[in-house]
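Here the structure comes first, spelled out in structure tokens, and everything after it is commentary.
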Amino acid sequence: MTKFDFVFEEKPVQAEVQHNADGSFNVTVHNADKTTTVVNNVKGKLLANNRILLNVNDSVVSATVVKDSESVHIFTDDGERIALALPEPEFLKATAGASAGSVITPMPCKITQVLVKAGDTVKADQPLLILEAMKMEHVIRAPFAGVVERVSYKEGDLVPEKTPVVVLKEA
């Protein structure tokens, strides 16, 4: 079962999604008003261009899904718009004391490549380093354009979660 936390109409909501053997999903939504909504056997299909097709209680819903940095917007073909705000991840909340330009590790990892050095000018979304965590490589990118003030680790270093690895200063 996968749990999702989000904000709907300025109220916190938690959804639990269970994948069934037949490919359908059971969805349980715990609303802010303490009510619970359960929808079983939801069938869905991802289509091209951020489109989804859902079969819910024998009704077909077609929509476009758009995600930005803070929310998910669902636009149904019949004109309904649903906005779900995404709360700040816990690992970012835990790093509130880090300097504003710090790039933080989301989990324990090993640094496999350092792509920048102190003094380098970087563009927004430019790769800064590559780390390995959970047997996968993850590219850590610059959150904004700026100048690298400090790279705190070198290739091969093991880094705990929630640790600043690169410090940037806005250009």
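Of the conditions (1) at pLDDT below 85; (2) under 15 Å from Ile52 (Cα atoms); (3) loosely packed, with under 13 Cβ neighbours inside 10 Å; (4) not small (Gly, Ala, Ser), Pro87 satisfies every one except a single condition; which number is it?
It fails just one condition, (2).
Right, Val147: aliphatic (A, V, I, L, M), more than 12 Å from Val103 (Cα to Cα), surrounded by fewer than 17 Cβ atoms within 10 Å (Cβ to Cβ) and in contact (Cβ under 8 Å) with a residue 24 or more places away in the chain or not? Steps first, answer last, please.
On the way: aliphatic (A, V, I, L, M): yes; more than 12 Å from Val103 (Cα to Cα): yes; surrounded by fewer than 17 Cβ atoms within 10 Å (Cβ to Cβ): yes; in contact (Cβ under 8 Å) with a residue 24 or more places away in the chain: yes.
When the stated conditions are applied, Val147 passes them.
Mind listing just one residue for me: the one in the range 107-121 that is closer than 8 Å to Val148 by Cα and in contact (Cβ under 8 Å) with a residue 40 or more places away in the chain and, of those, farthest from the chain's Cα centre (by Cα)? Spell out the reasoning first.
To start, the set of residues in the range 107-121 that are closer than 8 Å to Val148 by Cα comprises 116-121.
The next check asks that each one be in contact (Cβ under 8 Å) with a residue 40 or more places away in the chain; those that pass are 116, 121.
Working: Val116: 24, Thr121: 26 Å.
Only one residue fits best here, namely Thr121.
List pairs: first residue in the range 24-52 and in the same structural domain as Val65 (by TED's automatic domain parsing), second residue basic (Lys, Arg) anywhere in the structure, Cβ distance under 8 angstrom, at least six positions apart or on different chains.
Ser24/Lys43; Phe25/Lys43; Asn31/Lys11; Ala32/Lys11; Asp33/Lys11; Ile52/Lys45
Among residues belonging to the range 40-82 that are loosely packed, with under 13 Cβ neighbours inside 10 Å and in a strand (DSSP E or B), point out the one that is modelled with the lowest pLDDT.
For the range 40-82, the residue satisfying everything is Lys67.
Restricting the search to the range 36-91, which residues are of a type in the set (S, T, N, Q) and closer than 16 Å to Phe6 by Cα?
The answer is Thr36, Thr37, Ser69, Ser71.
Just for the range 154-171: of the residues that are part of a strand (DSSP E or B) and charged (D, E, K, R), which one is surrounded by the fewest Cβ atoms within 10 Å (Cβ to Cβ)?
Filtering the range 154-171 for residues part of a strand (DSSP E or B) gives 158-159, 164-170.
Imposing the further condition that a residue be charged (D, E, K, R) reduces the set to 169-170.
Numbers: Lys169: 13, Glu170: 9.
By that ranking, first place goes to Glu170.
The values are calculated or read from the model by the stated rules, or taken from the named source; none is laboratory data. From a predicted model like this one, the values you see are computed outputs, not experimental measurements. Cβ coordinates were reconstructed from backbone atoms using ideal geometry, including for glycine residues, and neighbour counts include every protein chain displayed.
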